[in-house]
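Read through the structure below, which is laid out as structure tokens, and then see the notes.
The values are calculated or read from the model by the stated rules, or taken from the named source; none is laboratory data. Note that the structure is predicted; figures quoted are calculated from it, not measured. Counting neighbours? That spans all protein chains shown, and the Cβs are built from the backbone with ideal geometry, glycine included. Remember, those area values only see protein heavy atoms, side chains included, never the ligands or the DNA or RNA. Shrake-Rupley method; radii C 1.70, N 1.55, O 1.52, S 1.80 Å.
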Amino acid sequence: MASVTTRRAALSRGSSGLAVAVVLALAAALASPARLGAAADGSRGGSPDWHVVSVSKLLPRAACSTAATAASNSSAALSVVHRHGPCSPLLARAGGAPSHAEILDRDQDRVDSIHRRASGGAASRINPARASKGLSLPAHSGVSLGTGNYVVSVGLGTPKKDFAVVFDTGSDLSWVQCKPCGDCYEQQDPLFDPSQSSTYASVPCGDAHCRGLDSSTCASGNKCRYEVVYGDQSQTDGNLVRDTLTLGSSQSSDAIQGFVFGCGDDDSGLFGKADGLVGLGRAKVSLASQAAAKYGAGFSYCLPSSNGAAGYLSLGAAAPSNARFTAMVARRDTPSFYYLDLVGIKVGGRTVKVSQAVYAAPGTVIDSGTVITRLPDTAYRAVRAAFVRAMGGRYKRAPALSILDTCYDFTGHTTVQIPSVSLAFAGGATVALDFSGVLYVAKVSQACLAFASNSDDTSIGILGNTQQKTFAVVYDVANQKIGFGAKACT
């Protein structure tokens, strides 16, 4: 800036005050971090409207870093890792992670499942051949979602055996594969053996948990059998049972006695090497509901910014002091889902001009298992246009990636500057997304806006897990509200 200083001094000696003012303004503009790039502290001049990130940090770590731990006082806090990341206990034996295109294609299967359930189009998907195994109870038809992306470890039985299971806010019934198994997929750990547990018991057909299932039948011996069909056509059938569930440690204070879950003996589909699933939906049979008496009605989790790091899942609705809350909304057509009211979106600090009615008409589900946030088409087009305008011509465009149509090539850059994205919810809660919630980065040459269109304005919007990364997401069921606390995984 020496040339600017010299020129300013010369003008101050012989030019008018107006000329001096013009040059001073020019000097300030040239010195501005917004013009020159990142400031020394890595921000864009301290502006909350931009993310400035080193390109070397865009991609996930090749090795596992478990530095992130539960920011919770609950004794029932579990470590959460991505099922396809280096911290996953499943990856080494699963033949490697699927491609980004495969992950996003499966994500669309899950979204289609949510939309079918909301529109009442699930009944035709139940497999009648499997349902014929039991005949005495009427089946309540329903298709569950495709399985999720994040894994926790839980203990079952007495003495306990540990299992790596996917956790999912869009599912109710928890289950693992059990011996004897007529048709089971290959999983990470040995199958759960009921004969080795002193606290195992079958659930009878007349039990409220059995009667509340979407699809149940009654087998010989008055044993309740369940069936769950997922949107990607994966399926699990088995007996509904009770046993001790241990969370966090082997201490008895972390055990839920008589936990009801599925003991799968006929399972197939895209479960990878996961030993089963833990459901956190709103139905009576979910882990969240069964644990409410012990830990309080609610739970929270933090999903890490990188697949190479760890987050947490904690039972109970304890919230960080910086959490911002919005109302938890329920709908009769999909009573297990957690809804909230999205009312607006900001890009680069500027509100995208979309009527609140566009978001309100279909409603919005928050879901731990959907990867990419889905917006009504009108809203998505406006957000995309605002993002493209803010990006300008600084970076080359890259080809689309599956459902993601707005991608950039950062090859040759050492840092990138990306406009912030904030979500506004009813009641005044505004959530400024982490950088990892703005872009889905397949590789340096293909980093995409992490939002997608529903292709219409009538299908339910979905707040996906990419946008939830690094937040303490608090499901305070007792007080019917959902909260977001920033920077919770560290």
Next on the checklist: Going by amide H atoms built from the backbone, whose H comes under 5 Å of the H on Glu227, apart from near neighbours?
Outcome noted: Ser215
Checklist outcome for this item: Where a ≥ b ≥ c are root eigenvalues of the Cα gyration tensor, a/c under 1.5 meaning rounded, otherwise prolate if a/b exceeds b/c and oblate otherwise, the range 258-383 counts as prolate
Checklist outcome for this item: Between the alpha carbon centres of the range 194-221 and the range 307-364 the gap in Å comes to 35 Å
Checklist entry - What lysines could a cross-link reach from Lys284, if we take a straight Cα to Cα line under 28 Å and drop same-chain neighbours fewer than 8 places away? => result Lys133, Lys160, Lys161, Lys179, Lys223, Lys273, Lys294, Lys469, Lys481
Checklist entry - Sequence-distant or interchain residues sharing an amide H contact under 5 Å with Gln177, placed H: which? => result Phe192, Gly264
Checklist entry - Considering amide H positions built from the backbone, and no H for Pro or chain starts, which residues 5 or more places from Val343, or on another chain, come under 5 Å of its amide H? => result Ala424, Phe425, Ala426
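Computing the accessible area with a 1.4 Å probe over protein heavy atoms, can you report the carbon and sulfur percentage for the range 189-315?
Numbers: 1860 of 3890 Å².
That share works out to 48 percent.
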Checklist entry - Any idea which of Gly348, Ala330, Gly363 is furthest toward the positive side of the dipole for the range 329-379, if Lys and Arg beta-carbons carry +1 and Asp and Glu beta-carbons -1? => result Gly348
Next on the checklist: Taking every alpha carbon pair in the range 231-310, what does the distance histogram look like in 5 angstrom bins from 0, in percent?
Outcome noted: 3, 12, 17, 21, 19, 17, 9, 1
Next on the checklist: Just to confirm a number: summing +1 for Lys and Arg and -1 for Asp and Glu over residues other than Ser368 whose beta-carbon lies under 14 angstrom from that of Ser368, what do you get?
Outcome noted: 0
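So if I place +1 on the C-beta of Lys and Arg and -1 on the C-beta of Asp and Glu, and nothing else carries charge, what would the dipole magnitude of the range 365-428 be about its Cα centre? I want it in debye, nearest 20.
The calculated dipole for the range 365-428 is roughly 260 debye.
Percent of accessible area on the range 319-456 owned by carbon and sulfur, 1.4 Å probe?
Working: 2740 of 5410 Å².
Carbon with sulfur: 51 percent of the solvent-accessible area.
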Next on the checklist: I'd like to check one number: the per residue accessible area of the range 283-435, probe 1.4 Å, reported in Å² as a whole number.
Outcome noted: 38 Å²
Next on the checklist: Give the aspartates and glutamates whose C-alpha is closer than 16 Å to that of Lys396, dropping any in the same chain fewer than 8 places away, or say none.
Outcome noted: Asp405, Asp409
Checklist entry - With charges set only on the Cβ (+1 for Lys and Arg, -1 for Asp and Glu), what does the dipole of the range 315-470 come to about its Cα centre, in debye to the nearest 20? => result 460 debye
